[in-house]
Amino acid sequence: MKDLERRYAKKETTELIEILERPEGFTKEALGVASRELKARKLDSDYLSEIAETIKRQQLQKLLDAFDPLNDPVPALPASYFFKPKQVKAFLLEEFEKFIRDKEGFRIDVMKYSIGAII
C-alpha cells in the first residue's frame, strides 16, 4: 500500500482524476489511494470539476463514436466519481447533439449530386 501511495503522490492531478472517472481495471485499494491523494492536495473544487468534466466528456464521446445503433445494445450511462447521474446525462445529451451536428456535416446531399449528374 505504501508503494502505491508513493507512486500516486507523484502522479499529475489529471491522472488521478482520470483514474477515478474511469475506474475500470483499478482495484478498490487503488481508487481509495487516488481519492485520498486528491483530497490531500486540497485543490479548488471548481478546478477539479473542470478537469473531471473534460475527462467525462471525452469518455462519452468515445462511447458515442463506438456505438452502432443497429448492432449494439444501448450502453449504460457511465458512473462518475465527481458528478451525479443527472449531470452525466446532461453531458451525454450535449455531446450527442455535437455528435449529430458533426455527423450531419459529412452527410451526402443526394439532391445536389443528382442535379449535378444531370447537368
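Here are the numbers for the structure shown:
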quantity: Filter result (in a helix (DSSP H, G or I) and within 20 Å of the chain's Cα centre (by Cα)) within region 1-29; calculated: 13, 14, 15, 16, 17, 18, 19, 20, 21
quantity: Pick from region 69-83, criterion farther than 18 Å from residue 17 by Cα and of a type in the set (A, V, I, L, M), ranking: surrounded by the fewest Cβ atoms within 10 Å (Cβ to Cβ); calculated: 70
quantity: Test: residue 80 is in a loop (DSSP other than H, G, I, E, B), of a type outside the set (A, V, I, L, M) and touching a helix residue (DSSP H, G or I) at 6+ places or on another chain (Cβ under 7 Å); calculated: yes
quantity: Of all residues making up region 50-66, the number that are within 13 Å of residue 98 (Cβ to Cβ) and either of a type in the set (Asp, Glu) or exposed (fewer than 11 other Cβ atoms within 10 Å of the Cβ) (or both); calculated: 1
quantity: Unmet requirement for residue 77, which otherwise passes all of (1) more than 14 Å from the chain's Cα centre (by Cα); (2) at pLDDT below 95; calculated: (1)
quantity: In region 10-49, residue surrounded by the fewest Cβ atoms within 10 Å (Cβ to Cβ) [restricted to those that are touching a helix residue (DSSP H, G or I) at 6+ places or on another chain (Cβ under 6 Å) and more than 12 Å from residue 81 (Cβ to Cβ)]; calculated: 14
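The values are calculated or read from the model by the stated rules, or taken from the named source; none is laboratory data. Bear in mind that the values here come from a model prediction, so they are computed numbers and not experimental data. Here Cβ is always computed from backbone atoms with ideal geometry, including for glycine, and neighbour counts include all displayed protein chains.
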